[in-house]
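The values are calculated or read from the model by the stated rules, or taken from the named source; none is laboratory data. Note that this is a predicted model, so its numbers are computed, not measured. Heads up, the Cβs are rebuilt from the backbone with ideal geometry, glycines too, and the neighbour counts pull from every protein chain shown. With ligands, DNA and RNA removed, areas are computed over all heavy atoms of the protein, side chains included. Shrake-Rupley method; radii C 1.70, N 1.55, O 1.52, S 1.80 Å.
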Amino acid sequence: ALTASQFAAELAAASLNHSINQFQARYRDLDVFVCEDLTALENRPETQQQLVHLIDEILKTGGRVILTACKPPGELRGVQRRLVNRCHGGTSTCVDSPGPASRAALLAHFAVTKQVPLPPDAIDRLAAELAVSPRELLAAVTQLDAYARQARKRIADDLLPRYLAHEIKTSSP
């Protein structure tokens, strides 16, 4: 899996290095291609054209393509009709943000996989106060771990309230 921004950056590098064929070949034979956050490709027609070509090639060989965006394909601005049509040609679904119980489960999972000592009360508080995406929850665990290591404190100490105060303040409109 890669983000649309990563796809665009790799394409730009391949273009500079005159290695577009190698770039295309690297992705063409995948069984599953996942490209996240198509909104990053708004107003990037060359990148969109390459993505459409890649989607067609992968599907032609029986592969699967998963594309994500924070809004429905028809609401993407500056996206070529061909790319929107590829999205509509498959199954489109809206996935709601995780609720508090799911956020708590995700935080616990991320803490275990990243080996971050995150106490259950900290997980509950984070899940209640951070109504964000799974990716942002992972970032929260990673940031809290870094802050705790730097301060040589446990996450549950005064670190968690300060982190939450900063996060909630900076995410407000």
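Observations on the model:
- Lone unmet requirement of (1) outside any loop (DSSP other than H, G, I, E, B); (2) open to solvent by 70 Å² or more (accessible area, probe 1.4 Å); (3) at pLDDT below 90 for Arg154: (1)
- Positions within segment 52-75 being without any contact (Cβ under 8 Å) to a residue 12 or more places away in the chain and either open to solvent by less than 50 Å² (accessible area, probe 1.4 Å) or more than 26 Å from Ala25 (Cβ to Cβ) (or both), in sequence order: Glu75
- Listed conditions (1) modelled with pLDDT under 90; (2) over 23 Å from Val32 (Cβ atoms) are all met by Cys70, apart from (2).
- Segment 1-19 residues that are free of Cβ contacts under 8 Å to residues at least 24 places away in the same chain, paired with ones that are aromatic (Phe, Trp, Tyr) and not in a strand (DSSP E or B) (beta carbon under 7 Å, 6 or more apart): Glu10/Phe23; Ala14/Phe23
- Residue-level analysis places Val79 outside the set of residues that are on the phi < 0 side of the Ramachandran plot, without any contact (Cβ under 8 Å) to a residue 40 or more places away in the chain and out of contact with any strand residue (DSSP E or B) (no Cβ under 9 Å at 6 or more places or on another chain).
- Residue in segment 107-117 that is assigned to a loop (DSSP other than H, G, I, E, B), in contact (Cβ under 8 Å) with a residue 12 or more places away in the chain and within 30 Å of Ala12 (Cα to Cα) present: no
- Test: Gly89 is open to solvent by 60 Å² or more (accessible area, probe 1.4 Å) and closer than 25 Å to Ala25 by Cα: yes
- Of the residues in segment 40-51, none is farther than 26 Å from Pro134 by Cα, in contact with an Asp or Glu (Cβ under 8 Å, 6 or more places away or on another chain), among the hydroxyl-bearing types (Ser, Thr, Tyr) and modelled with pLDDT of 90 or more.
- Some residue of segment 131-144 being modelled with pLDDT under 95, under 30 Å from Glu46 (Cβ atoms) and not in a helix (DSSP H, G or I): yes
- Looking across segment 94-138, the residues that are surrounded by fewer than 13 Cβ atoms within 10 Å (Cβ to Cβ), under 21 Å from Cys70 (Cβ atoms) and not small (Gly, Ala, Ser) come down to Cys94, Val95, Asp96, Arg135.
- Candidates in segment 118-162 are the residues that are within 20 Å of the chain's Cα centre (by Cα) and free of Cβ contacts under 8 Å to residues at least 12 places away in the same chain; of these, the one that is nearest to Asp37 (Cα to Cα) is Arg135.
- Looking only at residues in segment 1-29 that are outside any helix (DSSP H, G or I) and open to solvent by 60 Å² or more (accessible area, probe 1.4 Å), the one that is nearest to Val95 (Cα to Cα) is Ala1.
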